[in-house]
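Q: I am attaching a structure below and will ask some questions about it afterwards.
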Amino acid sequence: MIHSNYNIKHLNSFGLSCTVNKLIEINNEDDLYLINSNPDFLSTKNIILGLGSNSVFVNDYFNGTVLLIKNKGIKIIEEDKDSIIIEAYSGEDWNDLVNFACGNSWGGIENLAAVPSSVGAAIVQNIGAYGQEIKDSFLCCTTYNPQTNQWKEYNNEECKFDYRYSIFKYQTQLEIIWKIRLKLFKKPKLNISYSAIKEKIESEAIEITNPKQMSQLVTQIRNSKLPNPKELPNAGSFFKNPVINQEHFNSLKETYPQIPSYPSLKGVKIAAGWLIEQAGWKGKRVGNVGMHEKQALVMVNYGNAKGEEIVNLAQEIEKSIKNIFNINLEKEVHIIL
Ligand code: EPU
């Protein structure tokens, strides 16, 4: 279906009011012809939208085409006694896929429970939480390029996954991730190493023995500190956790011995939420936007936020983190102009 001058306020979790010139809804392979038969498509800006959980529309008009990917389906491809390969279409809700896997006791994505995302966007972003990333279970994906009308397959290595990154993140050619395959395990080794998980297991004296219990625990932790976009619209972590060099980290550690940090291949990763809290932004509201009172990394929309307010607050925060810690914050959300 093609909609013209369509307001996508209900299609982005930040709840931003934005009218798009064209919105093409893709429910199945047959609908792909709608893209090719739309004369404006190749000559205008275009973006792909899944569940809209990470997209921030900062203008009230988008003069281009939004492709809304809603193709659904999950199936088993093959299995042996240890592992199973499942295929999911990109318009599936990521959490439905996690529940399907955990409900069958297949492990590999249980720590990614309750991440708001479509399956396709989960690959673009290489979603990660509580010590797991989707790249750890990812086998391959099939993409469709509407400009060349070609289908292509990418294996794990070809996606060049990194922290919140894959080659699909900054595309020069528009490629729609159409379906993905994951390899999951029947006797999974659960990862309880992340401190929030360890603390919860210890404080409640519980035992976690299967993926389903793990996904429930992760869901509880997330619900306890991350705002529900349906109640307080937001796009999850607004900034990435920055990576700094060891020397810089050592000098910060002298002044701030409690600074949360994680080892990273490129240096030391710092918790951006902690930096933002230290700089005094946690729970602070500026007009219609603010940084969440329980997780300073999440910007929230108190209602009718304007793109300008989001951009200004982000700039103020970036400036203050630079001044105090000499660290450049990068946005994790996708800003759409
Ligand atoms: N912290 C603070 N103040 C805050 C927030 C956090 O001091 O206001 C401290 C916490 O105490 C902890 C550390 O910062 O020591 C890390 O916090 P948390 O465990 O909440 O995780 P995060 O690093 O802020 C990342 C991801 C989240 C993911 C969590 C859990 C990024 C940008 N964010 O957040 O992903 O759910 O880890 O693994 O990497 C998302 O991408 O949208 C997202 C929510």
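The values are calculated or read from the model by the stated rules, or taken from the named source; none is laboratory data. Owing to the predicted nature of the structure, the values given are computational and were not obtained by experimental measurement. Neighbour counts are summed over all protein chains in view; Cβ atoms, including those assigned to glycine, are modelled from backbone coordinates with ideal geometry. These area figures cover heavy atoms from the full protein model, side chains too; ligands, DNA and RNA do not enter into them. Shrake-Rupley method; radii C 1.70, N 1.55, O 1.52, S 1.80 Å.
Q: Across region 116-130, what is the total count of residues that are more than 7 Å from the ligand (Cβ to nearest atom) and either small (Gly, Ala, Ser) or on the phi < 0 side of the Ramachandran plot (or both)?
A: Matching residues across region 116-130 total 10.
Let's see how each residue does on (1) within 16 Å of the ligand (Cβ to nearest atom); (2) basic (Lys, Arg); (3) loosely packed, with under 14 Cβ neighbours inside 10 Å; (4) at pLDDT 95 or above:
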residue: Arg164; (1), (2), (3), (4): yes, yes, no, yes
residue: Gln173; (1), (2), (3), (4): no, no, yes, no
residue: Leu184; (1), (2), (3), (4): no, no, no, yes
residue: Ala196; (1), (2), (3), (4): yes, no, no, no
residue: Glu204; (1), (2), (3), (4): no, no, yes, no
residue: Met214; (1), (2), (3), (4): yes, no, no, yes
residue: Val218; (1), (2), (3), (4): yes, no, no, yes
residue: Gly236; (1), (2), (3), (4): yes, no, no, yes
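For (1) polar (S, T, N, Q); (2) within 16 Å of the ligand (Cβ to nearest atom); (3) part of a strand (DSSP E or B), each residue gets a yes or a no:
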| site | (1), (2), (3) |
| --- | --- |
| Ile48 | no, no, yes |
| Ser53 | yes, yes, no |
| Asn63 | yes, no, yes |
| Val66 | no, no, yes |
| Lys75 | no, no, yes |
| Glu78 | no, no, yes |
| Lys81 | no, no, no |
| Ile84 | no, no, yes |
| Glu87 | no, no, yes |
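Q: Looking at region 247-288 only, could you name the residues that are at pLDDT 95 or above and charged (D, E, K, R)? Spell out how you get there, then give the answer.
A: Within region 247-288, the first condition is being at pLDDT 95 or above, and the residues that meet it are 247-261, 267-288.
Result: Glu247, Lys253, Glu254, Lys269, Glu277, Lys282, Lys284, Arg285.
Q: Further, regarding this structure: Exactly one condition in (1) within 16 Å of Ser53 (Cα to Cα); (2) within 16 Å of the ligand (Cβ to nearest atom); (3) not small (Gly, Ala, Ser) is false for Ile134; which is it?
A: (1)
Q: If you don't mind, there's one more thing I want to ask. Of the conditions (1) closer than 23 Å to Ile77 by Cβ; (2) surrounded by fewer than 17 Cβ atoms within 10 Å (Cβ to Cβ); (3) without any contact (Cβ under 8 Å) to a residue 24 or more places away in the chain, Trp151 satisfies every one except a single condition; which number is it?
A: All conditions pass for Trp151, except number (3).
Q: In region 6-21, which residues are of a type outside the set (D, E, K, R), in contact with a Cys (Cβ under 8 Å, 6 or more places away or on another chain) and surrounded by fewer than 20 Cβ atoms within 10 Å (Cβ to Cβ)?
A: If the condition is that a residue be of a type outside the set (D, E, K, R), in contact with a Cys (Cβ under 8 Å, 6 or more places away or on another chain) and surrounded by fewer than 20 Cβ atoms within 10 Å (Cβ to Cβ), then Asn7 is the only one that fits.
Q: While we're here: Looking at Ser13, is it modelled with pLDDT of 95 or more and within 16 Å of the ligand (Cβ to nearest atom)?
A: yes
Every residue, every condition in (1) within 26 Å of Glu318 (Cα to Cα); (2) surrounded by fewer than 18 Cβ atoms within 10 Å (Cβ to Cβ), yes or no:
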site: Ile201; (1), (2): no, yes
site: Ile244; (1), (2): yes, no
site: Leu252; (1), (2): yes, no
site: Pro260; (1), (2): yes, yes
site: Ser264; (1), (2): yes, yes
site: Val268; (1), (2): yes, no
site: Lys282; (1), (2): yes, no
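Q: Another question about this same structure. Select from region 115-133 the residues that are in a loop (DSSP other than H, G, I, E, B) and more than 15 Å from Glu92 (Cβ to Cβ) and list them in ascending order.
A: Listed by number, the residues that qualify are Asn126, Tyr130, Gly131.
Q: Also, I was wondering about something else. What single numbered condition from (1) within 29 Å of Leu337 (Cα to Cα); (2) touching a strand residue (DSSP E or B) at 6+ places or on another chain (Cβ under 8 Å) fails to hold for Ile84?
A: So the condition that Ile84 fails would be (1).
Q: Still on this structure: Check Glu25, Glu29 and return the single one that is farther than 30 Å from Val300 by Cα and open to solvent by 20 Å² or more (accessible area, probe 1.4 Å). Give the steps one after another, and end with the answer.
A: On the way: Glu25 fails: farther than 30 Å from Val300 by Cα.
Result: Glu29 is the single residue among Glu25, Glu29 that is farther than 30 Å from Val300 by Cα and open to solvent by 20 Å² or more (accessible area, probe 1.4 Å).
Q: Note down all Cβ pairs under 7 Å where the first residue falls in region 56-83 and is more than 21 Å from Ile310 (Cα to Cα), the second is of a type in the set (Asp, Glu) and assigned to a strand (DSSP E or B), and they're at least six residues apart or on different chains.
A: Within 7 Å, the pairs are Leu68/Glu25; Lys70/Glu25; Lys75/Glu87; Ile77/Glu87.
Q: Scan Ser251, Ser264 and give me the residue that is touching a residue at least 12 places away in the same chain (Cβ under 8 Å) and outside the structural domain of Val58 (by TED's automatic domain parsing). Please lay out each step first, then the result.
A: On the way: Ser251 fails: touching a residue at least 12 places away in the same chain (Cβ under 8 Å).
Testing whether each residue is touching a residue at least 12 places away in the same chain (Cβ under 8 Å) and outside the structural domain of Val58 (by TED's automatic domain parsing) leaves just Ser264.
Q: Right, here's the next one. Take the conditions within 16 Å of the ligand (Cβ to nearest atom) and either under 22 Å from Glu175 (Cα atoms) or touching a helix residue (DSSP H, G or I) at 6+ places or on another chain (Cβ under 9 Å) (or both) and apply them to Ala101. Does it pass?
A: Working: within 16 Å of the ligand (Cβ to nearest atom): no; either under 22 Å from Glu175 (Cα atoms) or touching a helix residue (DSSP H, G or I) at 6+ places or on another chain (Cβ under 9 Å) (or both): yes.
Here the answer is no, as Ala101 does not meet what is asked.
Q: Which condition does Ala113 not pass, out of (1) under 20 Å from the mean Cα position of the chain (by Cα); (2) within 21 Å of Ser55 (Cβ to Cβ); (3) touching a residue at least 24 places away in the same chain (Cβ under 8 Å), if it passes all the others?
A: Answer for Ala113: the failing condition is (2).
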